[in-house]
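Take a look at the structure set out below.
The values are calculated or read from the model by the stated rules, or taken from the named source; none is laboratory data. Small disclaimer: the values here were computed from a predicted structure and weren't measured. In this analysis, Cβ positions are derived from the backbone assuming ideal geometry, glycine residues included, and neighbour counts consider all displayed protein chains.
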Amino acid sequence: MKSKAQHAKRLVIYLLFAFGFAWIPWILMNRFWGYEEWFCTSHYIFFANLTLYAPALANILTRLVTKEGFHDMKLRLRLKGHIPHYLTAWLLPISCALLGGLLVTAIYGRNNGNADGISGMGATAAVLQAVFYAPLRAFLTLGEEFGWRGYMNDKMKPLFGTAGTVLIGGTIWGIWHAPLTVEGHNFGRDYAGYPYTGFLMMMLYCICLGTVLMWLTDHTGSVFPAAVFHAIVNFGAPTVFRLIARGVPQTAESSVLKEFIVPELPIVLFSILFLILLLFRRKPVQKPI
Amino acid sequence: MKGWLYKEIRHYRYLLFAALLVPAFCIWMPLLLDFFGGIGERSAPLHYAFRSLYDQSAVYFLYLIMSLLIIGMLLLTVFVLDATKKWAYFVGTTPDGIGAFLNAKYLFVLIICAAFYLSVFWNEALLITIGYMAYGIELPGISDFVLMMMFLILLLRAADFAAMARFGTQTGARVKGYCLLVIFVVGVIWLLFGPLPDDFESALSNVFEFVTKLINGTYSEQIGVIIGLLPPVALLAYYLSYKLSCRFYMKGVEHYEK
């Protein structure tokens with residue numbers, strides 16, 4: 001049995017690596033090229049994608065530095081018996097985007113005109129491509145999941161328990177995004193309390209997403225379902241949301257509330273449900289030898 | 001199952017190397033050709049090479065399509081090398097049986113496709129970044145097009161593998177050859193006697209325009225729906241092909257010559 005001090009030491013080393021490998025290039029790229037240039041265009045796509053693997057690299061290096069070894073890497077697909085988990089990872093973000101879009105439309109109303117000129121066929125094509133191609137981008141989110149869910153959570157659980165891991169882990173994950181959030185990632189810059197409310201929002205968002213991701217990883221023993229979920233949240237769900245909510249009139253009302261808080265309500269509710277499932281999960285009974 | 005997969009990887013490791021190296025070769029080759037061709041002609045040959053790659057992106061696409069064709073053909077060899085009666089009967093007697101053997105083969109082909117796509121993605125990303133950093137040239141991204149094509153290849157291979165399992169690799173290849181011959185003959189007849197457009201050049205340029213739109217993602221909505229449906233259709237066909245192969249494998253063995 002590993003001591004708590006050993007887990008804490010490994011966790012600190014992991015976090016130093018994960019933050020160092022991501023923050024140093026992000027800050028440098030923000031400084032020299034500008035966020036809009038390196039993150040929002042494909043000009044520096046190689047570096048932009050490479051930095052997403054910082055948590056994965058931190059996982060491997062921490063294991064090497066601490067001589068922990070490479071057991072329990074959670075890198076097996078574990079499809080057998082876990083198809084429902086993969087389906088959850090695939091369909092839940094899409095469903096949440098759908099619900100979020102409906103919610104925004106219900107609250108803020110809808111224009112009668114088809115302002116952006118997208119036909120039904122065009123919308124179908126966009127949704128199909130978002131639903132079926134986004135999971136294939138999981139190789140880009142695997143780096144984060146391999147680090148945060150595959151390593152950090154395992155080290156945190158003995159120290160803080162399940163609820164503590166969800167809260168502290170999500171907060172750390174949110175802070176990790178800070179160099180991007182400060183440049184306008186997800187929320188832009190035009191909101192009250194910039195950038196501090198943005199940091200806070202990102203932490204809350206990461207706590208919610210982290211809960212579902214932790215549930216998926218814990219139940220399957222693999223980081224792949226979490227990577228699929230994360231890929232759809234990043235690359236598929238926004239398209240579905242925009243299509244559903246495209247009729248919402250563009251007014252001067254607080255954009256963060258309309259474009260972020262209300263649409264994310266479904267995922268917040270689901271994360272509460274998954275937190276309950278995590279807290280009341282029955283431990284697998286070990287058979288006597 | 002793990003053992004079968006290990007056997008596939010060990011046996012066909014050249015395919016894995018090809019999946020990783022062929023796209024790299026095809027992505028960097030036009031640049032290198034332009035670079036070496038440009039020495040002595042220009043003061044900054046690499047800049048000239050990048051500019052040339054950007055200006056003549058059709059050449060770049062042709063190289064990529066060539067890499068797709070190469071990998072598509074190489075995938076067929078996964079079935080060919082194990083096509084002996086002795087081996088097939090041995091497989092039938094193993095505890096896992098034919099199902100696990102074919103499962104590993106089908107899975108291995110998916111691994112090859114994934115390796116190919118990843119190689120395209122990262123090589124392309126590097127090329128785009130270098131092009132922009134060094135010379136401010138924005139090269140077009142083609143990895144989405146390649147992904148689409150990978151599913152098309154998977155769809156075709158699903159039909160090939162099922163035919164190979166049912167009729168044996170040689171007869172299967174012959175059946176496919178006959179089908180292609182029929183298509184070719186029909187095509188020739190159409191070209192000779194069919195209602196061809198008056199302006200053949202403009203028809204040809206329409207074809208190029210269509211391919212360019214496909215690559216740039218500026219295709220029509222109907223094509224967008226077809227592209228969206230391609231992954232589930234291809235994967236479903238691939239799964240059905242696996243099921244059919246399991247069912248007819250032993251019948252196909254009777255067609256093996258050795």
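What about B:P140, is it over 30 Å from A:E37 (Cβ atoms), not in a helix (DSSP H, G or I) and not polar (S, T, N, Q)?
Spelling it out, it is not the case that B:P140 is over 30 Å from A:E37 (Cβ atoms), not in a helix (DSSP H, G or I) and not polar (S, T, N, Q).
For segment A:58-77, give me each residue that is in contact with a Gly (Cβ under 6 Å, 6 or more places away or on another chain) and assigned to a loop (DSSP other than H, G, I, E, B).
Matches in segment A:58-77: A:K74 only.
Only one of these conditions is not met by A:T105: (1) modelled with pLDDT of 90 or more; (2) more than 14 Å from every other protein chain (Cβ to nearest Cβ). Which number is it?
Checking A:T105 against (1) modelled with pLDDT of 90 or more; (2) more than 14 Å from every other protein chain (Cβ to nearest Cβ), the one that fails is (1).
From (1) in a helix (DSSP H, G or I); (2) touching a residue at least 12 places away in the same chain (Cβ under 8 Å); (3) surrounded by fewer than 21 Cβ atoms within 10 Å (Cβ to Cβ), pick out the condition that doesn't hold for B:F116.
(3)
Which of the residues that make up segment B:97-110 are within 17 Å of the chain's Cα centre (by Cα), more than 12 Å from chain A (Cβ to nearest Cβ) and in contact (Cβ under 8 Å) with a residue 60 or more places away in the chain?
Within segment B:97-110, B:K105, B:Y106, B:F108 meet the criteria.
Kindly establish whether A:E37 is within 14 Å of chain B (Cβ to nearest Cβ) and modelled with pLDDT under 95.
When the stated conditions are applied, A:E37 passes them.
If you scan segment A:219-247, which residues turn out to be among the charged types (D, E, K, R) and not in a helix (DSSP H, G or I)?
A:R246
Within segment B:111-129, track down each residue that is of a type in the set (V, I, T), over 16 Å from B:F61 (Cβ atoms) and at the interface with chain A (Cβ under 8 Å from one of its Cβ atoms).
Scanning segment B:111-129 gives a single hit, B:T129.
Yes or no, residue by residue, for (1) within 14 Å of chain B (Cβ to nearest Cβ); (2) under 23 Å from A:R78 (Cβ atoms):
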{"position": "A:R137", "(1), (2)": "yes, yes"}
{"position": "A:E145", "(1), (2)": "no, yes"}
{"position": "A:G150", "(1), (2)": "no, yes"}
{"position": "A:V182", "(1), (2)": "no, no"}
{"position": "A:H219", "(1), (2)": "no, yes"}
{"position": "A:A227", "(1), (2)": "yes, yes"}
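Condition (residue is in contact with a Cys (Cβ under 7 Å, 6 or more places away or on another chain), surrounded by 14 or more Cβ atoms within 10 Å (Cβ to Cβ), at pLDDT 85 or above and not aromatic (F, W, Y)) applied to segment B:154-175: is it met by at least one residue?
yes
Inside segment B:227-244, can you point out the residues that are exposed (fewer than 15 other Cβ atoms within 10 Å of the Cβ) and without any contact (Cβ under 8 Å) to a residue 40 or more places away in the chain?
If the condition is that a residue be exposed (fewer than 15 other Cβ atoms within 10 Å of the Cβ) and without any contact (Cβ under 8 Å) to a residue 40 or more places away in the chain, then B:P232, B:L236, B:Y239, B:K243 are the ones that fit.
Give the residue, chosen from B:A83, B:A104, B:A49, B:A125, that is crowded, with 19+ Cβ neighbours inside 10 Å and not in a helix (DSSP H, G or I).
B:A83
Given B:G136, B:G92, which one is within 14 Å of another protein chain (Cβ to nearest Cβ) and more than 29 Å from A:A126 (Cβ to Cβ)?
Exactly one of B:G136, B:G92 is within 14 Å of another protein chain (Cβ to nearest Cβ) and more than 29 Å from A:A126 (Cβ to Cβ), namely B:G136.
Could you list all residues from segment A:121-142 that are more than 15 Å from A:T239 (Cα to Cα) and either of a type in the set (F, W, Y) or touching a Pro at 6+ places or on another chain (Cβ under 6 Å) (or both)?
Within segment A:121-142, just A:F139 meets the criteria.
Which number in (1) over 30 Å from B:F79 (Cβ atoms); (2) within 12 Å of another protein chain (Cβ to nearest Cβ); (3) of a type outside the set (V, I, T) marks the one condition that B:P231 misses?
The failed condition is (1).
So which of B:S205, B:S241, B:S220 is within 14 Å of chain A (Cβ to nearest Cβ) and at negative phi?
B:S220
Quick check on segment A:165-205: of everything there that is of a type in the set (G, A, S) and closer than 25 Å to A:N49 by Cβ, which residue is modelled with the lowest pLDDT?
Within segment A:165-205, the match that is modelled with the lowest pLDDT is A:G188.
This table checks each residue for (1) touching an Asp or Glu at 6+ places or on another chain (Cβ under 7 Å); (2) assigned to a loop (DSSP other than H, G, I, E, B); (3) of a type outside the set (S, T, N, Q); (4) within 13 Å of chain B (Cβ to nearest Cβ).
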site: A:L16; (1), (2), (3), (4): no, no, yes, no
site: A:W23; (1), (2), (3), (4): no, no, yes, no
site: A:W26; (1), (2), (3), (4): no, no, yes, no
site: A:M29; (1), (2), (3), (4): no, no, yes, yes
site: A:T41; (1), (2), (3), (4): no, yes, no, yes
site: A:T51; (1), (2), (3), (4): no, no, no, yes
site: A:G81; (1), (2), (3), (4): no, yes, yes, no
site: A:P84; (1), (2), (3), (4): no, no, yes, no
site: A:L91; (1), (2), (3), (4): no, no, yes, no
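Restricting attention to segment A:140-167, which residues are β-branched (V, I, T) and within 15 Å of the chain's Cα centre (by Cα)?
A:T141, A:V166
Output the residues belonging to segment B:32-53 that are modelled with pLDDT under 70 and not β-branched (V, I, T).
B:G37, B:G38, B:G40, B:E41, B:R42, B:S43, B:A44, B:P45
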